[in-house]
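Peer 1: To start, I am sharing the structure in question, which I have written as structure tokens.
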Amino acid sequence: MSVTPGDVEGFFAREDQLDRDAYVWLDYRFECTGDPRLAAARLCSEQSTAQWHRVGVDEDFRARFGAKVVRFEAAPRPGGFSLDVPDAPRGEVQACHVTLAHPHGNFGPRIPNLLSAIAGEGMFFTPGVPIIRLEDIRFPDAFLAAFDGPQFGVAGLRAQLGAHDRPIFFGVVKPNIGLAPDACAALGLEGWRGGLDIAKDDEMLADAPWCPLEERARLLGAARRTAERETGVPKMYLANITDEVDHLRPLHDLAVANGANAVMVNALPVGLSGVRVLRTHATVPLVAHFPMIAATSRLPGYGIHSRVFTRLQRLAGVDAIIMPGLGGRMFTPEPEVVDNVRACLEPMGPIKPSLPVPGGSDSAATLARVHRTLGTVDFGFVPGRGVFAHPMGPAAGARSIRQAWDAIAAGTPVERHAAAHEELRVALATFAA
């Protein structure tokens, strides 16, 4: 049964008349032809009750099970649809912004079922709505109570590393593909000696034949302990264990037993449900990387805003979330980066904050901008080339990052500080845009 004009009001409600704890709250932007209120009602219907009663039977499931429009805005879009969509409906185009309240009892505290409802067939195949984007999601405490969230979070990571009142400094060992385990360990050791908190595998390096995870974790674990003895401060080796879901727990155990004290997965390729299962098993901090995020979020009018997946990764229990950062290479608008950082750190019921780690071609030359834009010290800074391609070597690359931070913390221009610090001077000359 399709929604007809006479059915529209059954999918609209006043927010103050709803039990907020019974709903997740969703913001959508969409473009449609025809009556925009009818399109909004169809969006509600398609993702919840669909056919809400049987033909010839006096029953209506919308009151309990129907998603409901609680905020609605629409305006003509004289230029037509913003994107060229094959077989798009003809007619005057309306641009709409709606907030829906969706009863979470429909799908329960299950991430696959949640996504099937709010970002599945019902969203992308709503009649008359060829262009749509899920902009945001918010959860009531009653829903959040069923999730563990991050095990360590920002405070736990800081405590393990003894890193307070400053960003946490990562380094992605480069080259990312092709190095043998002993070469990875040698590079990691130099980075730690220079001041990195965390040396990490690249997201594309997992349990590879030329660099087996067992040997890599053993050698990098030993290098980490050497660096801790030499520097007197804790360090982390972040091992990438991305694989088929049934391999995650064994690979976690293998990496940790051999010296890794944090693990990373590519959250969307693995699946958020797989990440949540790994969270229940993990004994060390769990970090997520962002492959596939652009496939859903890059076009501003279509798909799913990346902060939705940031919130869902936090819900699944990730302690740190690596995300597209600032700068032209990442094709991510500055406000979107800031939105994702906020989604990691803002209050979320009982769920701990996750450390946001915005990245992409960073170095000592970009640290000041990142800090200024984010407006917080609660972030991870994750250069690769900026450390491991420093002309003076990885230790100097890591020192240049720490020197840049010393200048920022003291309120001194980084360029002025570089005059007395050779590693920083070379980094600015090499990596400045």
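Peer 1: What does the C-alpha gyration tensor say about the overall shape of segment 1-153? Classify as rounded when a/c is under 1.5, otherwise prolate if a/b is larger than b/c, or oblate.
Peer 2: oblate
Peer 1: Hey, another quick one. Over segment 276-334, with a single point scatterer placed on each C-alpha, what log10 of the ratio I(q)/I(0) does the Debye formula yield at q = 0.12, 0.21, 0.30 1/Å?
Peer 2: Debye intensities relative to I(0), on a log10 scale: -0.33, -0.84, -1.30.
Peer 1: Please list, by residue number, every one of the trypsin sites (Lys or Arg not before Pro) in segment 1-36 that is coil in DSSP and has at most 10 other beta-carbon atoms within 10 Å.
Peer 2: Answer by residue number: ARG14.
Peer 1: Pairing the Cα long axis of helix 394-410 with the longest principal axis of the chain, what angle in degrees results, from 0 to 90 and rounded to the nearest 10?
Peer 2: Value to nearest ten degrees: 70.
Peer 1: Moving to a separate point now. Show me the GluC sites (Glu not before Pro) within segment 1-67 that DSSP assigns to loop and that have at most 11 other Cβ atoms within 10 Å of their Cβ.
Peer 2: For GluC sites (Glu not before Pro) across segment 1-67 that sit outside H, G, I, E and B with at most 11 neighbouring Cβ atoms in 10 Å, the list reads GLU59.
Peer 1: Taking the Cβ of HIS421 as the centre, find all other residues whose Cβ is under 15 Å away and add up their charges (Lys, Arg: +1; Asp, Glu: -1).
Peer 2: Around HIS421, the surrounding residues sum to 0.
Peer 1: Segment 209-282: percent of C-alpha pairs farther apart than 16 Å?
Peer 2: Counting every Cα pair in segment 209-282, those more than 16 Å apart make up 49 percent.
Peer 1: Could you let me know the centre-to-centre spacing of segment 343-362 and segment 55-129, using Cα atoms, in angstrom?
Peer 2: 28 Å
Peer 1: While we're looking at this one, here's another question. What residue among ASP21, ASP58, ASP319 shows peak mean-square fluctuation when the chain is described by a Gaussian network model with Cα springs under 10 Å?
Peer 2: In this elastic network of the chain, the residue with the biggest mean-square fluctuation among ASP21, ASP58, ASP319 is ASP58.
Peer 1: Which of these, ARG110, ARG276, ARG193, has the largest mean-square fluctuation under a Gaussian network model of the chain (Cα springs below 10 Å)?
Peer 2: Ranking ARG110, ARG276, ARG193 by mean-square fluctuation puts ARG110 first.
Peer 1: Express in whole angstrom the spacing between the alpha-carbon centres of segment 171-221 and segment 17-43.
Peer 2: Result: 47 Å between the Cα centres.
Peer 1: Here's a follow-up. Over the Cα atoms of segment 129-175, what Rg and Dmax result, in angstrom?
Peer 2: 18.0, 51
Peer 1: Looking at the chain, identify the longest residue range that excludes and avoids all chymotrypsin sites (Phe, Trp or Tyr not before Pro) in DSSP loops having at most 14 other Cβ atoms within 10 Å.
Peer 2: Answer - 211-330.
Peer 1: Do any trypsin sites (Lys or Arg not before Pro) in segment 283-387 lie in a DSSP loop with no more than 16 other beta carbon atoms within 10 Å, and if so, which?
Peer 2: Loop-located and lightly packed - ARG298.
Peer 1: From zero up to wherever the largest Cα-Cα distance of the chain sits, split into 10 Å bins and tell me the percent of pairs in each.
Peer 2: 5, 21, 27, 21, 14, 9, 3, 0, 0
Peer 1: For the chain, what is the percent of antiparallel DSSP beta bridges, rounded to the nearest 5?
Peer 2: Antiparallel bridges make up about 50 percent of those DSSP assigns within the chain.
Peer 1: Tell me which lysines have Cα within less than 18 Å of LYS235's Cα, excluding those fewer than 8 residues away on the same chain?
Peer 2: In chain and number order, the partners are LYS200.
Peer 1: Then there is this: For Cα pairs less than 8 Å apart in space and 6+ apart in sequence, what is the mean separation divided by the residue count of segment 153-431, i.e. the relative contact order in percent?
Peer 2: Contact order relative to length: 19 percent.
Peer 1: Treating the angle as unsigned and between 0 and 90°, give the value, to the nearest 10°, between the Cα long axis of helix 181-194 and the longest Cα principal axis of the chain.
Peer 2: Between the helix axis and the principal axis of the chain, the angle is about 80 degrees.
Peer 1: Okay, next question. Given an 8 Å cut-off on Cα distances and at least 6 residues of separation, report the relative contact order of segment 5-144 as a percent.
Peer 2: 41 percent
Since every read-out is calculated from the coordinates, none of them should be taken as a lab result. Everything quoted here is computed from the prediction, not taken from an experiment. Every residue, glycine as well, gets a Cβ built from its backbone with ideal geometry; the counts of neighbours run over all protein chains shown.
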